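What follows is one structure encoded as structure tokens, with my remarks underneath.
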């Protein structure tokens, strides 16, 4: 491939700058397409088989191990049926009320988040759906790069077209961060309430859902005024939320 790019055949005429750029562009496009295929194959595999980790988990573990080399994440996969319906309803009510209706993107939510951020002069709302958050958690690093939002959108489309809403929610509840080194519903339930994901009460589920936007902060500050208020709001909405 390098030989093709450099045109290093004996007696070959040197390539022009334009030819170099053209060949480099072809290689870049080929790499991007292969990366999309790699992601798509993983998503197809995860329709039937559970992911053992995620990009976010690996990033967080690397950071934690800088100070504690022997540290491990708190994480245990549990099947959909072993997760409290209270938690499913609470998370949908908190993060993505239109989860069952949209195809990966809540355009009204994105518009409202944009207007809110514009008014505040900084990013205070995201507007990302559960599917978008899952795409980011599974494949993308925590670093903000210009291409990340575009890649997130592509992965979201793949998830929505390959997986059922039930499977998307199941994986989401098992891989999202819920505290410093705490990932997934089972680990969160045991970390905060000494119970299983199946045993979470309505109030406990609502509080866990309220923590999702800033889990490491709320791991240390579990009873702030805002968190208490947000928990009450989520709990009041839960009875209206259908689950897949």
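The values are calculated or read from the model by the stated rules, or taken from the named source; none is laboratory data. All of these numbers come straight from a predicted model, not from anything done at the bench. All Cβ positions, even for glycine, are placed from backbone atoms using ideal geometry, and neighbour counts span all protein chains on display.
A few points about this structure:
- Given (1) outside any helix (DSSP H, G or I); (2) at pLDDT 95 or above, number of the condition residue 41 does not satisfy: (1)
- Residue 159 under 17 Å from the mean Cα position of the chain (by Cα) and within 17 Å of residue 102 (Cβ to Cβ): yes
- Single residue of 229, 167, 190 found to be assigned by TED's automatic domain parsing to the domain that holds residue 85, touching a residue at least 40 places away in the same chain (Cβ under 8 Å), part of a helix (DSSP H, G or I) and more than 23 Å from residue 132 (Cβ to Cβ): 190
- Any chance residue 205 is buried (at least 24 other Cβ atoms within 10 Å of the Cβ), more than 16 Å from the chain's Cα centre (by Cα), in contact (Cβ under 8 Å) with a residue 12 or more places away in the chain and in the same structural domain as residue 129 (by TED's automatic domain parsing): yes
Condition check ((1) more than 28 Å from residue 128 (Cβ to Cβ); (2) in the same structural domain as residue 159 (by TED's automatic domain parsing)) across all residues:
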{"position": "26", "(1), (2)": "yes, no"}
{"position": "36", "(1), (2)": "no, no"}
{"position": "54", "(1), (2)": "no, yes"}
{"position": "61", "(1), (2)": "no, yes"}
{"position": "69", "(1), (2)": "yes, yes"}
{"position": "80", "(1), (2)": "no, yes"}
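- Number of positions in the stretch 58-90 that are within 30 Å of residue 238 (Cα to Cα), loosely packed, with under 13 Cβ neighbours inside 10 Å and over 20 Å from the mean Cα position of the chain (by Cα): 1
- Evaluation of residue 178 against (1) crowded, with 20+ Cβ neighbours inside 10 Å; (2) assigned to a helix (DSSP H, G or I) (one fails), failing number: (2)
- With respect to the conditions (1) at pLDDT 95 or above; (2) under 19 Å from residue 133 (Cα atoms), residue 202 lacks only one, and its number is (2).
- In the set (1) part of a helix (DSSP H, G or I); (2) surrounded by fewer than 19 Cβ atoms within 10 Å (Cβ to Cβ); (3) more than 16 Å from the chain's Cα centre (by Cα), residue 223 fails one condition alone, (1).
- One residue alone among 210, 153, 135 is assigned to a helix (DSSP H, G or I) and within 17 Å of residue 85 (Cα to Cα), and that residue is 210.
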